[in-house]
Each structure stands twice: as C-alpha cells, then as structure tokens.
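What follows is a set of notes on a single structure, which appears directly below.
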Amino acid sequence: MTLTRPTQVIRYERTLGMTVMIGKGFYAPNDMSFAPNGRIYVLNRSIEARASGQGMRVTVCDANDEYYGFFGAFGTGRGEFMWPSAIAVGLDGKVFVADEHLQKIMIFSSEGDFIDEWGTAGSGPGELDTPSGIAIDGEGNLLVSDTYNHRIQVFTSEGEFVRTFGKEGVGEGELNMPWRLSIGPDSNIYVADWGNDRVSIFTQDGEFVDSFGDSGTGEGQFTKPADVVADGNGNIYVCDWGNERVQVLDSNGGFRQLTLGESTVSPWAQNFLDVNVEEGDARSRANLEMDDIEFPDPNDRHIVSAHIEKYFWAPMALAISPDNRLYVTESNRHRIQIFEILE
C-alpha cells in the first residue's frame, strides 16, 4: 500500500529475488550495491543459528533477473564473514564488505575472489567498533559508519586512515549509533542517525549541514532509520526500519510520500511456483491480504507487516539504480522491492 500527497514521487514496479538458503536467491539480505557493469551484489546476512552461518553469502544478479552465482563463506578467517553488515562496489569493480563482529572491511574482485582485508577493533582514530555502513566517494575512499563509536570514518581503499567526524550526542553534527550512509548527487554525506531517529547531512569534509526528523510514527517522523539516499531531483528517501516503511522527503526534510510496500511475486519465485505445482496451488487459494484478521493493535506495524505478504518486513537498505529506480532491500521476506522514481 502506498500513501501519498497529491504528487506521487515513486511507484511500485516489481520485485527481485526469493527465499533460498543456498544458490539462486537471498537469505536475510541486509544490503546491496550496483556495480559499473550493471550487476547487483546482494549481501545476505543469514542467521547464526548453531554457529552454522548457512546462507551467508553475496548473491550476484542483475535487474533483468539474471543470476551469476555467489561468493563468501562463514567463519573468522581472512575473507570470511561472521556478521556481514554492509556492501559497496567501487568504480573499478572491487567489492567491499564490512563485518560488524570481526571489525573489518574485506575486499573482493568482481568475480568474488578474495583480495585483502583491513580493520582493527577499538575506539582510537582508524579503529572500528561495529562498522555497519559503507559508501565510496569519487576518489575511491571508503566512508564507514563506525556505529558504536558514534562517528563516521574515512579510509583509503587500502585501509589507510584519512579523517573522522561526528561524536556521540544529540546536538548538531553529533550522532547516536549511525547505521548506513550514502553520498548524494550534491556530494554531501547522508547519514541514517539510528539512535537519534533522524537524518544528518555533512559535507565531504565532515562539516555539519543539516538534520531533520524526530521520533514517532507520523509523517516525517522516524523509528530507528536504517538508511538514507538522495536523488538528483532533490528527493530524499529514508528507510524507516522501525516503522516498516520508506518515506520520501524534499530537500528541506518536508514530507512528500510514504510506502508500506506493494510486493508482487518475483520472476524467480513465480518460476518456483510453476515447477512446484502443489505449492503454487496452495498459494493461489490463500488470503494473502489477510483482510479477515482482527489485529490486537492494527497500528502496530511490526505485527501487520509480519502477516501481510506485500508489505515491507524489516526494510534494511536503499539504493538508486542508474536507470532511476529505488531498490528497497527487505530482510525478513528475502527480497528487493523496486520502485520507479517519477519526479
């Protein structure tokens, strides 16, 4: 369901992916990144049940539903994941993956071959405590959300410390457990200030520009925002994780639109249902709208989203594609919902 002002900024288009623990699909995806060659790298956090890490991997696909394989392995060794948290692809095609438990950044080739890793646990300059978001600037530097140190750190791609900005607090330019971040068309850095329920904006040099949002469920309010991206039209998109929705704001933080998700069956999932006839038949008879359920609290987005398939359930990350689509990575339903940007 999409709720709008008179002007609609985004419109649901289609869904990518399906639930698969191994192989062609996603399993608890929590971030994605576009590569220069058009491929999409989807980071699957999976689960840590019984320390198996099964399904923890990077899935490689594209917007046309082509599947190119996967890479990555669970473990504590070089190039292995424990709690993979963020992914970004550079202009040279190298893939960077952050791990918030192992306090490191890993580097892979575009084909998934491990190249190197760097990172040291701690709170000093250049040290990390739960890196949970990464972005790459025009010079190839990595910007890292150093979440439990309440700051953003900048490194070269080889891991050399460049600078840091932000500190714990609620004032201007201060942060409280920042999650993901992105670089906008205006070259500013947009940070999902998770603990402060707001979006904060900085220059490339770390100078504070603006912030907007406060705690709540109303329009323009956030509950633990996970990600934020901006487009070239002055729109700002916020992954309002705690409210199970995505909001669209103008360049001044004014509310424009929100969506609760509108997913349909993806081509991958439809192929599965066509092959597995009994499951497809059962689905065709199911009440997917769940319009006969009396929810204890119909305003509790967690409960409602968990029961109605088309809605977002744990939206975790946003990305804008080269062809001007908004991709919403949705962890608990193992898929990506795609929206056309209209203006």
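The values are calculated or read from the model by the stated rules, or taken from the named source; none is laboratory data. All values derive from a computational prediction rather than experimental measurement. Virtual Cβ from ideal backbone geometry, glycine too; neighbours counted across all protein chains shown. To get the accessible areas, we keep the full protein, side chains included, count just its heavy atoms, and leave off ligands, DNA and RNA. Shrake-Rupley method; radii C 1.70, N 1.55, O 1.52, S 1.80 Å.
The figures follow:
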item	result
Number of positions in segment 266-303 that are over 19 Å from G25 (Cα atoms) and in contact (Cβ under 8 Å) with a residue 60 or more places away in the chain	2
Residue in segment 288-308 that is within 24 Å of Q8 (Cα to Cα), at pLDDT 95 or above and hydrophobic (A, V, I, L, M, F, W, C) present	no
Some residue of segment 105-124 being within 17 Å of the chain's Cα centre (by Cα), part of a loop (DSSP other than H, G, I, E, B) and surrounded by 18 or more Cβ atoms within 10 Å (Cβ to Cβ)	no
Only listed residue being within 28 Å of L143 (Cα to Cα) and either outside any strand (DSSP E or B) or out of contact with any Gly (no Cβ under 9 Å at 6 or more places or on another chain) (or both), chosen from T59, T76, T15	T76
Subset of segment 297-333 (residues that are open to solvent by less than 40 Å² (accessible area, probe 1.4 Å) and in contact with a Gly (Cβ under 8 Å, 6 or more places away or on another chain))	S305, Y311, F312, P315, V328, E330
Extreme residue, modelled with the lowest pLDDT, among residues of segment 21-70 that are in contact with a Pro (Cβ under 6 Å, 6 or more places away or on another chain) and open to solvent by 10 Å² or more (accessible area, probe 1.4 Å)	R45
Among residues of segment 263-288, those that are open to solvent by 60 Å² or more (accessible area, probe 1.4 Å) and either of a type in the set (S, T, N, Q) or within 26 Å of the chain's Cα centre (by Cα) (or both), counted	8
Considering residues of segment 199-238 that are in contact with a Gly (Cβ under 6 Å, 6 or more places away or on another chain) and in a strand (DSSP E or B) only, the residue most open to solvent (accessible area, probe 1.4 Å)	F208
